[in-house]
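Data block below; observations after.
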Amino acid sequence: MANDAAAVAAYERAIGAGELGFRLPPRLSAAVAVAMWGVAGLMSTTVPDLVANRDHVLLYFVFLMAGVLLLLLAVAAPNLRAADRAAGRLEGWLRATLFRGA
């Protein structure tokens, strides 16, 4: 019973200090955002009432694949230097392509 009380007290201190907040690393959050953009686009083009351009479907598929590739490279990056460089280049290309000024 004393261990339970100590564990609860440690948990309360961690919550108060903000140590338990869940936050993705920037590269993983970029991968998730691009992959989810692709998934959302593909799902929106499967609705029969909406007119889906084939080019948009292909673009959403490319977003999904780029997000999955970036996610795989970001997971492998801590152990492989080549994967880290490839993930950095892909992330930079995605950010430059998708979020450049008009």
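Restricting segment 6-39 to residues that are at pLDDT below 70 and not in a helix (DSSP H, G or I), which is surrounded by the fewest Cβ atoms within 10 Å (Cβ to Cβ)?
By that ranking, first place goes to 22.
Every residue in segment 74-87 that is more than 15 Å from residue 33 (Cα to Cα) and part of a helix (DSSP H, G or I), please.
Step one: of segment 74-87, the residues more than 15 Å from residue 33 (Cα to Cα) are 75-86.
Scanning segment 74-87 gives 75, 76, 81, 82, 83, 84, 85, 86.
For (1) touching a residue at least 60 places away in the same chain (Cβ under 8 Å); (2) surrounded by 10 or more Cβ atoms within 10 Å (Cβ to Cβ); (3) of a type outside the set (Lys, Arg), each residue gets a yes or a no:
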residue: 42; (1), (2), (3): no, yes, yes
residue: 50; (1), (2), (3): no, no, yes
residue: 59; (1), (2), (3): no, yes, yes
residue: 63; (1), (2), (3): no, yes, yes
residue: 70; (1), (2), (3): no, yes, yes
residue: 83; (1), (2), (3): no, yes, yes
residue: 90; (1), (2), (3): no, yes, yes
residue: 94; (1), (2), (3): yes, yes, yes
residue: 99; (1), (2), (3): no, no, yes
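The values are calculated or read from the model by the stated rules, or taken from the named source; none is laboratory data. Treat the numbers as computed from the prediction; the structure is a model and nothing was measured. We place every Cβ from the backbone using ideal geometry, glycine too, and count neighbours over all the protein chains shown.
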